[in-house]
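Working notes for the structure below.
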Amino acid sequence: MIGDYDVLAKRLRFVPQFPLEPGGKYRVIFHPSQLPGTQGSMSDTITALFQAPARPPRAAAMVSHVYPSADLLPENLLKFYIHFSAPMSRGHIYEHIYLRNEAGKDIELPFLEIDEELWDPAMMRLTLFIDPGRIKRGVRPLEEIGPALEAGKRYTLAIDRAWRDATGSPLKEDFQKRFQVGSPDRDPPEPAQWKIHPPQAATRETLVITFPEPLDHALAQRVIQVAGPSGESIAGKVALEDEERQWTFTPTDPWQRGSHKLVVQTTLEDLAGNNIGKPFEVDLFEGVQRQPVHSTVKLPFEVP
């Protein structure tokens, strides 16, 4: 092995150039005859075996959250976000995810299966799309196979424990999310209907925004920002509560008194993939009046 040798008092120390493999077995061979001044008087070699310390045991990975978190989801639900407690492995994910009806029967090909699996950089969040062909009206999969989800029925999103994490270990346990399906949602989100509950100046009180419907968990955390009286973006912590019907923001520094704005990118989606000013199915039907939209919508509020 490549490394550096040092003599410390009566000890010979070896520092490897690269870290030892945790749990790896190694052999050390010492040749006394090669020490200065021995003149070959010590010809026997000394051999020792040792094992490097193993990695500390890590708790088995498990599904920590699935979004949307609500128990009632629209018939034209677009996607799930599956969160894990530890990094996962890439590849063959669709072998471990099932959508089942009330009778426990697997729904045929409900997901959009793509080679480029949609993981976050940490490999701890997977975006799982329902096949849009099973959602959009007027397309062949919906007409020939039928919808993946039907209003008035109950389903289970099931994940089996054979799915392996980044270390090759299986999940701690199976996971199930049971939910009921309601009517399809084809109306875009309307920020004008949101209720803003402003905080008090000179405090770090939480700004609370209440939505009339659940919004996309990942997008709502990323595309909604708060601007201060001078137009600057305010730093703080965002969270979603009440089954993604409530957005909260806790600033890093105390609030300033005066006019503020909630700045919302129009790419924000509801659970059915409708954007602000753009229904998910707008490109399929003639005569649908598409409202002119800007890249952002600004909602003013006062901090008293």
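The values are calculated or read from the model by the stated rules, or taken from the named source; none is laboratory data. Remember, it's a predicted structure, so these values are computed and weren't measured experimentally. Positions of Cβ are backbone-derived with ideal geometry, glycine not excepted, and every protein chain shown enters the neighbour counts.
If we scan region 130-152, do we find a residue that is among the basic types (Lys, Arg), within 19 Å of Asp71 (Cα to Cα) and touching a Phe, Trp or Tyr at 6+ places or on another chain (Cβ under 9 Å)? No.
Can you confirm whether Leu35 is modelled with pLDDT under 90, surrounded by fewer than 10 Cβ atoms within 10 Å (Cβ to Cβ) and hydrophobic (A, V, I, L, M, F, W, C)? Answer is no for this residue.
Every condition in (1) modelled with pLDDT of 95 or more; (2) not in a strand (DSSP E or B) holds for Ala148 except the one numbered (1). Could you check region 155-169 and list, in sequence order, the residues that are at pLDDT 95 or above, surrounded by 13 or more Cβ atoms within 10 Å (Cβ to Cβ) and out of contact with any Ser or Thr (no Cβ under 9 Å at 6 or more places or on another chain)? Tyr155, Thr156, Leu157, Ala158, Ile159, Asp160, Arg161, listed by residue number. The set of residues in region 62-83 that are farther than 21 Å from Pro214 by Cα and either touching a strand residue (DSSP E or B) at 6+ places or on another chain (Cβ under 6 Å) or free of Cβ contacts under 8 Å to residues at least 60 places away in the same chain (or both) contains only Val63.
The listed residues are Thr206, Thr250, and the only one of them that is over 23 Å from the mean Cα position of the chain (by Cα) and among the hydroxyl-bearing types (Ser, Thr, Tyr) turns out to be Thr206. Scanning region 57-82 for residues that are surrounded by fewer than 13 Cβ atoms within 10 Å (Cβ to Cβ) and either assigned to a strand (DSSP E or B) or small (Gly, Ala, Ser) (or both) yields a count of 2. Checking each residue in region 170-211 for being exposed (fewer than 13 other Cβ atoms within 10 Å of the Cβ), among the small types (Gly, Ala, Ser) and in a loop (DSSP other than H, G, I, E, B) picks out Ser183, Ala202.
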